[in-house]
1. Filter the range 143-158 for residues that are away from the ligand (no atom under 14 Å from the Cβ), over 18 Å from Phe97 (Cα atoms) and crowded, with 20+ Cβ neighbours inside 10 Å and give the result.
2. Any residue that is within 13 Å of the ligand (Cβ to nearest atom), under 22 Å from Ile126 (Cα atoms) and not aliphatic (A, V, I, L, M) - is there at least one of those in the range 67-86?
3. Report yes if some residue within the range 51-70 is touching a Gly at 6+ places or on another chain (Cβ under 9 Å) and more than 21 Å from His151 (Cα to Cα); otherwise report no.
4. When the residues of the range 168-191 are narrowed to those that are within 16 Å of the ligand (Cβ to nearest atom) and in a helix (DSSP H, G or I), which ends up farthest from Lys206 (Cα to Cα)?
5. For the range 221-232, state whether one or more residues are hydroxyl-bearing (Ser, Thr, Tyr), surrounded by 13 or more Cβ atoms within 10 Å (Cβ to Cβ) and either in a helix (DSSP H, G or I) or within 16 Å of the ligand (Cβ to nearest atom) (or both).
6. Given the conditions (1) away from the ligand (no atom under 16 Å from the Cβ); (2) within 17 Å of Leu14 (Cβ to Cβ), which single one is not true for Leu61?
7. Of Leu185, Leu166, Leu150, which residue is at negative phi, at pLDDT 95 or above and under 13 Å from the mean Cα position of the chain (by Cα)?
8. May I ask you to list the residues in the range 111-167 that are charged (D, E, K, R) and part of a helix (DSSP H, G or I)?
Amino acid sequence: MNSNLVDFHCHLDLYQNLEDMINECEKRNIYTLAVTTTPRAWQKNRELTQNKKYVRPALGLHPQLVHEYHYEVDMLCDLIPETRYIGEIGMDGSANFKDNLELQAVILNKILKSCIVAGGKKILSIHSRGAASQVLNLLENNMGAGEPVLHWFSGNHINLRLAIFLGCWFSVGPSMFKNAKSIELIKKMPKDKVLTETDGPFAKNKTNQPLKPWDSITVIENLSLLWEMDIPSTKAQILSNLQNLLR
Ligand code: MN
């Protein structure tokens, strides 16, 4: 099978069986960034993805868990030298989480600083819902951390302009094409800075089933329409973007 898709933000360890999901991605040739929500979870992902060709584990601390798991940030920072991939990290300013935005900012800042201390060059999968300005501000102050990939970006057009100026990448998922505002943002993202993602199993398809990495094909289909490129060229564009990011 030669799918050669990219899912640059997926929570493989939140499906029923992590090992099955890893093997399925390997079998289908899907370049997958397995983001994690706590550093403890990363260690298991790392063990199971050793010697794999397509799946890479990312060391994360999800902003929606920061109020409960902030004490794990020291564990995360200690592990940073051991990995190139960091995520899911970031900030969430939506209704349920905005009360601890200050703590989230402290944690994100600490993680970015630790990336710099560890020599930078990290690939960072970043959540910024309802907090795009704050996240971009922290990224701007910590430019040496590595290459930020803004996942499911939902800021405004001024935020987008700053993100592009800072050299950010964007991982775009199926859900973003359901929303006119998001489509306008995607149109303005530089074509050579876009990657595909699913954010499964959090993100769901039309029948409310959790998205799986191979559903990133629907993003390719949507981008192909938006960019007025055929499907093979769109796939090739995303793969070449991924290569450039990892180079
Ligand atoms: Mn996520």
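The values are calculated or read from the model by the stated rules, or taken from the named source; none is laboratory data. The model shown is predicted, which means the values in this text are computed figures rather than measured ones. Virtual Cβ from ideal backbone geometry, glycine too; neighbours counted across all protein chains shown.
1. Those that are away from the ligand (no atom under 14 Å from the Cβ), over 18 Å from Phe97 (Cα atoms) and crowded, with 20+ Cβ neighbours inside 10 Å: Ala145, Gly146, Pro148.
2. So in the range 67-86, the residues within 13 Å of the ligand (Cβ to nearest atom) come out as none.
Looking for residues that are within 13 Å of the ligand (Cβ to nearest atom), under 22 Å from Ile126 (Cα atoms) and not aliphatic (A, V, I, L, M), one finds none in the range 67-86, hence no.
3. Checked the range 51-70: no residue is touching a Gly at 6+ places or on another chain (Cβ under 9 Å) and more than 21 Å from His151 (Cα to Cα).
4. Only one residue tops the list, namely Ser182.
5. Within the range 221-232, one or more residues are hydroxyl-bearing (Ser, Thr, Tyr), surrounded by 13 or more Cβ atoms within 10 Å (Cβ to Cβ) and either in a helix (DSSP H, G or I) or within 16 Å of the ligand (Cβ to nearest atom) (or both).
6. Leu61 satisfies every listed condition except (1).
7. Leu150
8. Residues of the range 111-167 that are charged (D, E, K, R), as a first pass: 113, 121-122, 129, 140, 147, 161.
Within the range 111-167, Lys113, Glu140, Arg161 meet the criteria.
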